[in-house]
Structure formats: structure tokens, C-alpha cells
């Protein structure tokens with residue numbers, strides 16, 4: 001199991017647009033084979049800072065996400081909303097041992 | 001629902017000790033009332049860097065975690081393993097709307 005923690009800084013005037021795009025991406029992503037979690041988080045102190053917490057059963061399942069139509073639509077939709085390039089950090093999930 | 005993302009840098013010689021202590025904390029924490037997730041992650045590129053992803057149904061449930069015997073034991077056990085002070089960042093969970 002692997003997780004990518006994606007850090008996103010959004011232009012303040014596009015916070016609502018970003019949340020709307022993420023909702024659509026979330027709803028489709030959780031239906032993917034191998035998806036374990038696809039949590040959309042908003043920093044409690046900095047509302048223009050978001051985290052996407054994306055857990056998959058395998059590297060292959062995580063890579064397949066990048067080829068889905070909903071991911072590609074999200075990527076293109078949110079591009080103008082970004083205040084800076086987003087950063088994804090890969091992690092191994094140690095516990096739980098299975099989800 | 002709220003999530004705390006805790007960033008932990010461990011002394012390399014104590015990685016295995018830290019993982020063992022986290023397993024015990026994980027196993028007890030997921031049984032707490034209001035706990036939604038308690039994922040223990042290891043950075044894929046920096047094995048001495050960990051993330052604890054702790055989601056609770058409410059602020060009260062998250063605070064109650066800090067008073068449990070397993071949290072207090074974990075805190076004291078891992079203190080000498082830390083390479084630097086850990087940092088917890090609070091987030092609101094936007095999606096899923098319920099877990």
C-alpha cells in the first residue's frame with residue numbers, strides 16, 4: 001500500500017472553485033480499483049492550503065489514477081487556481097497492514 | 001471531522017524502535033470512539049521521516065486521544081527516538097463527507 005500526500009496552495013479567490021473540482025475528483029477516485037483513501041483536506045489555519053491524501057493498494061493502482069478521465073479533468077480545471085506548483089510526497093503505509 | 005498530520009523525524013538508529021511503538025499506538029487508537037483513521041506512514045525516500053495521519057469525528061474525540069494510556073505510553077517511549085521536535089498540522093476533512 002502506498003500513499004501520496006499532495007500539498008496544494010490555491011489562489012485565495014479560487015478556493016471555492018478548487019473545492020468544487022476536488023469534490024468531483026474525490027467522488028470518482030474512490031470508485032477506482034485499488035483506491036483505499038482519497039481524502040481532501042483544508043488546513044485549519046490557512047484556508048488556501050489543501051492536502052490530498054491518496055492511498056492505493058499498489059503502485060500500479062496509483063499510476064492508473066493518473067490516466068483516468070476524472071484526474072485529467074481535475075488537473076486541467078485546477079491548473080489556473082494554483083498559487084504555486086503542487087508537491088506530492090510518496091509514503092509507504094506501515095499500519096494498518098490492510099485497509 | 002478533523003485530521004492532524006504529524007511530521008516526525010527519527011534518529012536513524014531508532015527507526016525500528018519507533019515503528020514498533022507506533023504499531024502499539026495504532027492498534028489501540030483505531031479502537032477509540034470517534035477515531036476514523038490512524039495511519040502510520042514512512043516516507044518512501046527518507047526512511048527516518050514518518051507521518052502519522054490521525055482523523056477523528058470531532059475535536060473532542062481528537063483531544064481525548066491525548067489522554068489515553070496508549071498515547072501517553074507512545075509519547076514517552078518515542079521521546080528519545082526523535083531527531084527533532086515533531087510537528088502536527090490540523091486540517092478539516094472536506095471529502096469524504098462522512099467516513
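Within region A:6-15, can one find any residue that is surrounded by fewer than 16 Cβ atoms within 10 Å (Cβ to Cβ), more than 15 Å from residue A:99 (Cβ to Cβ), within 10 Å of another protein chain (Cβ to nearest Cβ) and out of contact with any strand residue (DSSP E or B) (no Cβ under 6 Å at 6 or more places or on another chain)?
Within region A:6-15 (the criterion being surrounded by fewer than 16 Cβ atoms within 10 Å (Cβ to Cβ), more than 15 Å from residue A:99 (Cβ to Cβ), within 10 Å of another protein chain (Cβ to nearest Cβ) and out of contact with any strand residue (DSSP E or B) (no Cβ under 6 Å at 6 or more places or on another chain)), the answer is no, since none of the residues qualifies.
Among (1) buried (at least 16 other Cβ atoms within 10 Å of the Cβ); (2) at the interface with chain B (Cβ under 10 Å from one of its Cβ atoms), which single condition is residue A:45 missing?
All conditions pass for residue A:45, except number (1).
Determine the pairs where a residue that is within 10 Å of chain B (Cβ to nearest Cβ) and modelled with pLDDT of 95 or more, located within region A:20-36, has a partner that is crowded, with 19+ Cβ neighbours inside 10 Å and assigned to a loop (DSSP other than H, G, I, E, B) with Cβ atoms under 7 Å apart, the partner being 6 or more residues away or on another chain.
A:36/A:1
Could you list, in sequence order, all residues of region A:80-94 that are over 17 Å from residue A:40 (Cα atoms) and more than 13 Å from chain B (Cβ to nearest Cβ)?
Selection gives A:80, A:83, A:84, A:85.
Kindly indicate whether residue B:65 is within 14 Å of chain A (Cβ to nearest Cβ) and surrounded by 13 or more Cβ atoms within 10 Å (Cβ to Cβ).
no
When residue A:40 is evaluated against the numbered criteria (1) closer than 23 Å to residue B:1 by Cβ; (2) surrounded by fewer than 19 Cβ atoms within 10 Å (Cβ to Cβ), which criterion, by number, is the only one it fails?
(2)
The values are calculated or read from the model by the stated rules, or taken from the named source; none is laboratory data. Predicted model only: the values in this text are computed from it and were never measured. Cβ atoms come from the backbone with ideal geometry, glycine included; neighbour counts cover every protein chain shown.
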